Amino acid sequence: MKPQHLLIDGYNLLGKLKGGKGMSDVHFTQDRDAMIQRLSLYAQGGGGAVTVVFDAWKQKGHGRQTVHHAGVTV
């Protein structure tokens, strides 16, 4: 089977990984980075390309930024 390209809503997946608990600003960066690391292991293991989108639609003043990390595009 050909590897799939996963397109992931980052906020939704983080919420699921946190068991439905709200995300606090204190741990958000740490939790986000840990999730991206796990996804990079998936991508590097032959699972396919991964793109994670954090839309930040409620945030003002944040521009678009693209980062590539070990097989994951954020």
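List of remarks:
For every residue, the table says whether it meets (1) farther than 16 Å from residue 17 by Cα; (2) among the aromatic types (Phe, Trp, Tyr); (3) at pLDDT below 90; (4) out of contact with any strand residue (DSSP E or B) (no Cβ under 6 Å at 6 or more places or on another chain).
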position: 38; (1), (2), (3), (4): no, no, no, yes
position: 47; (1), (2), (3), (4): yes, no, yes, yes
position: 54; (1), (2), (3), (4): no, yes, yes, yes
position: 59; (1), (2), (3), (4): yes, no, yes, yes
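- Filter result for residue 2 (at pLDDT 85 or above and farther than 12 Å from residue 74 by Cβ): no
- Screening residue 24 against (1) at pLDDT below 90; (2) surrounded by 11 or more Cβ atoms within 10 Å (Cβ to Cβ) leaves a single unmet condition, (2).
- First in the range 39-54 and part of a loop (DSSP other than H, G, I, E, B), second anywhere and surrounded by 15 or more Cβ atoms within 10 Å (Cβ to Cβ), Cβ under 6 Å, 6 or more apart: 54/10
The values are calculated or read from the model by the stated rules, or taken from the named source; none is laboratory data. Not measured: the values here are computed from a predicted model. Positions of Cβ are generated from backbone atoms using ideal geometry, with glycine treated the same way; all protein chains shown enter the neighbour counts.
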